[in-house]
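Have a look at the structure below before the remarks.
The values are calculated or read from the model by the stated rules, or taken from the named source; none is laboratory data. Owing to the predicted nature of the structure, the values given are computational and were not obtained by experimental measurement. Because the Cβ atoms are built from the backbone with ideal geometry, glycine has one as well, and the counts that use them run over all protein chains shown. Calculation scope for accessible area: heavy atoms of the full protein, side chains included, ligands and nucleic acids excluded. Shrake-Rupley method; radii C 1.70, N 1.55, O 1.52, S 1.80 Å.
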Amino acid sequence: MKKVLFVSFFLSAIINVYAQEITVSGKISDATGALPGVNVRVKGTTKGVISDFDGNYTIDASGTGTLIFSYLGYATKNIAVNNQTNIDVTLQEAAEQLTETIVVGSRGQSRTKLETAAPVDVISVSKQAVNMPQLDIASLLVASVPSFTAVQSQGGDLSASVNPPTLRGLGPNQLLVLIDGKRRHSGAQLIASPNGSQANSVDLSFIPLDAIDRVEVLRDGASAQYGSDAIAGVMNFITRKGTNRFTANYTAGFYSNTTPNTEGTSISESDQALLEDNGGVDGITHQLGANYGVTFENGGYLNVSGTYRQNEIAIRPNISGSTPYGDSYLNNERTDERGNIIITNPELLAAQTAGNTALAAELQTNDGLLSARGLTARDISTFAGLPASQLGVVNYSLALPLSADSETSFYSFGDFGYKNSDLLSCFYRRPAQTDRFNFDLYPNGFRPQMVNTQTNIGFTAGIEGKLGDWDFDFSNTYGKNKQVYTQFNTFNASLQSESPTEMDLGTHSFFQNTANFDMSKYYDDFLSGFNIAVGAEFRVENYIIEAGQSESFEAGDAGLFTATEDNQALIGPDGFPLTDLNGNPILGNDGNALVLPFGGVSSFPVHQHSPNSQCFRGFAPENEANEFRSVTALYLDTELDVTDKWFVSGALRTEQYTDFGGVFTGKFATRYKITDNFALRGSLSSGFRAPSLQELNYSHTFTFFVDLVPFDGTVFPNGSSAAQAIGITALQEEKSTNFGVGFTAKLFNKIDLTVDYFDIQISDRLFDTGNFSATDAPALEPIIGSGLASFRINGGDISTKGLEVVANYNERIGDGFLGVMFSGTFMDRTFEGANIPNLNTVLSDEDLEARYIDRAVIGQYEVGNPNTTMIASVSYSLGRWSANLRGTYFGEVSRLDDGLGTLVDENFPNAGTQGFSDQTFSAQFVNDIGVTYQFSENLAFTLTGQNIFNQYPDIRRQEERGFLLYNGGQQGALGAFYSARATFSF
């Protein structure tokens, strides 16, 4: 009986609900006529439609419900249905709908971007992403924000695992990243920064587009407001709230991978054939994103987002022209450490046995043997480009009022991400490289490949509300990034055939926990308004390096000859002295075969095979670290509207670090409104950046190449015995002075214009030294032997100056809406001079300065990235159609060589002489496009193109093509990318 009553009640409730719904229709217009494309939504539901080309709409709604009418550039209107079946609506234009209020850079009253005392960009991600070809937040911001870059390494190395954000030509660790106003943790690794030094960086790929409503970029020093890292500025990512809507999108795209124009370069016909052997489109990418937000009756909300992206490899091979096999390989002349012949060219033996002299002659050439084995030059080339990867991120944002009559609420947001990258960072190991060759494992050589598997978590919880007349915010933010490095298709040559071909190289992790307590109060009766904010922060950080498996870093004994009897001569089976890997006989002082005096004891490395896993040495026990530190900070932040026209602000902050001491910073900013549409503004601040735990404690031994010859070097931390032996001192904080001045204007009541000049002076900037040998510093010999040592240092003083221009124009044109944007950055970056201590070396002052900060590092900072960048875009929406066309100009860049060598490229001056292989790369201009058609309120389809005319940067000169063929400091070297996207919403 209870079941019958329940079913009856349930059915009657459904009938009652549907009985209350009515069909509402009407026409939407503005002052000039019908308005197509207006969003019409039933409040409190996910039900919605858009108006047609004539402004008409029809929607089913409750007779007691409310309809919400919204359109870009117009004031949103809420109208009660009141059982009406026809509701005509006139929307009013509202310029403020196009001008977002700013949160970052202020703890006082909200202001628009034209009212701030320092330049702030507001990027509406949820709106701009519709027609943008970029699939991640970093790439979208590069196309939108002046002086912002996020250059992903084109080498496909560990640095390619990260999209490092930079601002105003400075490093990624000189830009502070916030999520909803809370400090974001950085990644665990040190990456090769595009600005001349290694740096830890926030990885923006773990901040999904679908989770973000807008991004605020403060282009001004803000250390006094937010603490360390904010020398260049601050980025604040504002998450989506209760949208009462479910949206999902699926994107599929690819790189066209067409052969670039190599006319006028020194690329040979055979190398051109290598470039044409590209296999067609590559880098095929699939991305799925979703977002759902719900608003609770008590005013709270929950928003959940998810993103999954998978991209295949996009290969851009090099054309080094190096010898693949070599004569000893081709002619079966190689031996093991006891002089036994190793048959490396069995095809030659077969041809000789068959008496086919022509084939035998062909097989004794590198091209002939490659062809016989079905290989091409591409198969044995070094790959750069875009590594294959899989990325998954889930994100949430939550707010809950603690009671109906309280202004206090609980909030929380967080994310969890996983990323796996199959990297391309290694030179192809050719059989001609005898010290890293094994015929049994890799008869044709091998291309080692690294894998970086990351897990990333961020979690914030807090309470905000009122304490008397004061606003307060108490929060705790936890963040951790863990990276596991492995390698496959490799081996440890000093173990020869006993070596594994897949290895665990080690694990890095970085943890950060930040507790904040902030209070502020606004006095509206003091002059024209005064706000005071005070707060405290306590942060704990931990950096860990865990060693990999022993085979990845050890030196084995393969190639070692141990005597089996006393006075045993190193004689092979052929009666001749044994030879080393280069075919040279091993002789004693008397010119005869070397004699080992004691059987079972005496030994000699006949073949000195390369130790460690190839390409990247695993982290060894001596590299391990587990370091903590804590940071305590206090700040005072004030903002005063002296009059309705004059605004001033000031901030003071002190921070105390347990590992290197304390700092004190300050900031002053002001804005004066000369007319209602024109204002001057300026700021002056001191700043700092504390060395990160990664910079203080990272240590690793690595292999690098000079003219394809391998060398092993070690990066030593500053507290190591090597640093003490040569005189390298402890790292100190970077200190900065930031000055800015500019104006804001509203022209013709339609154009927003901001122009800002900045001058940032940084002392004691962190750099990496060049490599020191025991010959340069004899005190290093007991520590490094024949290896090389480098260190992280407060290497010198730098400056970056420039002018930033941003203009926006929005206008209704006919039945559509037009938006035009221009931004430009014109910079000058200068290395002001090295700060060289009294080091324990035998080098001259000139040679020491060149080794301490080499010219390649200086060049990378000063001219390695465009000093001029301009972006212009035009967007237009009409009814169900919308489109965006964007052009980006990258100014010329240059590469400075770090060492003298023989110049061989005849397309450049002084070929055949000794010199630096410097090169200037021409300016580049690329175009992006996106077109969207809204089939219905619930479905839209978008076609996009990035770099649609397939513009490649200049090709490197012949001496510098060891790894990369193209310059990578401008638009990158992947070419055109085309994609299609379907967007669903309910």
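A few comments on the model shown:
- Within region 733-750, the set of residues being buried (at least 16 other Cβ atoms within 10 Å of the Cβ), of a type outside the set (Ser, Thr, Tyr) and farther than 15 Å from residue 800 by Cβ comprises 733, 742, 743, 745, 746.
- Every residue from region 945-965 that is in contact with an Asp or Glu (Cβ under 8 Å, 6 or more places away or on another chain), touching a residue at least 60 places away in the same chain (Cβ under 8 Å) and open to solvent by less than 20 Å² (accessible area, probe 1.4 Å): 945, 957
- You will find that of 655, 639, 622, the residue that is loosely packed, with under 14 Cβ neighbours inside 10 Å, outside any loop (DSSP other than H, G, I, E, B), in contact (Cβ under 8 Å) with a residue 40 or more places away in the chain and in the same structural domain as residue 492 (by the TED database) is 622 and no other.
- Qualifying residue in region 220-228 (condition: closer than 22 Å to residue 511 by Cβ and either of a type in the set (Lys, Arg) or open to solvent by less than 10 Å² (accessible area, probe 1.4 Å) (or both)): yes
- Restricting region 402-412 to residues that are part of a strand (DSSP E or B) and small (Gly, Ala, Ser) leaves a set whose member that is farthest from residue 242 (Cα to Cα) is 409.
- Residue in region 769-777 that is open to solvent by 10 Å² or more (accessible area, probe 1.4 Å) and part of a strand (DSSP E or B) present: no
- Region 352-389, subset β-branched (Val, Ile, Thr) and open to solvent by less than 40 Å² (accessible area, probe 1.4 Å), residue farthest from residue 448 (Cα to Cα): 380
- For the criterion of being buried (at least 18 other Cβ atoms within 10 Å of the Cβ), within 30 Å of residue 807 (Cβ to Cβ), touching a strand residue (DSSP E or B) at 6+ places or on another chain (Cβ under 6 Å) and of a type outside the set (Val, Ile, Thr), residue 971 passes.
- Tally of residues being of a type outside the set (A, V, I, L, M, F, W, C) and closer than 18 Å to residue 232 by Cα across region 651-680: 4
- Entry remark, region 194-225: residues being assigned to a loop (DSSP other than H, G, I, E, B) and under 12 Å from the mean Cα position of the chain (by Cα) number 6 in total.
- One residue alone among 390, 433, 364, 454 is outside the structural domain of residue 257 (by the TED database) and not basic (Lys, Arg), and that residue is 364.
- Scanning region 441-488 for residues that are open to solvent by less than 50 Å² (accessible area, probe 1.4 Å) and among the basic types (Lys, Arg) gives a single hit, 447.
- Restricting region 842-853 to residues that are of a type outside the set (A, V, I, L, M) and crowded, with 20+ Cβ neighbours inside 10 Å leaves a set whose member that is farthest from residue 801 (Cα to Cα) is 851.
- Residue within region 183-193 that is in a strand (DSSP E or B) and modelled with pLDDT under 90 present: yes
- Output for region 808-821, where each listed residue is surrounded by 17 or more Cβ atoms within 10 Å (Cβ to Cβ) and within 12 Å of residue 874 (Cα to Cα): 808, 810, 817, 819, 821
- Test: residue in region 321-337 that is among the charged types (D, E, K, R), outside the structural domain of residue 904 (by the TED database) and surrounded by 20 or more Cβ atoms within 10 Å (Cβ to Cβ): yes
- Some residue of region 912-926 being over 30 Å from residue 852 (Cα atoms), crowded, with 18+ Cβ neighbours inside 10 Å and modelled with pLDDT of 90 or more: yes
- The lone exception for residue 585 - which of (1) in contact with a Pro (Cβ under 8 Å, 6 or more places away or on another chain); (2) buried (at least 19 other Cβ atoms within 10 Å of the Cβ) it fails: (2)
- Matching residues, region 58-91, being among the aliphatic types (A, V, I, L, M) and part of a loop (DSSP other than H, G, I, E, B): 72, 75, 81, 87, 91
- Taken over region 233-266, residues that are among the aromatic types (Phe, Trp, Tyr) and crowded, with 18+ Cβ neighbours inside 10 Å amount to 3.
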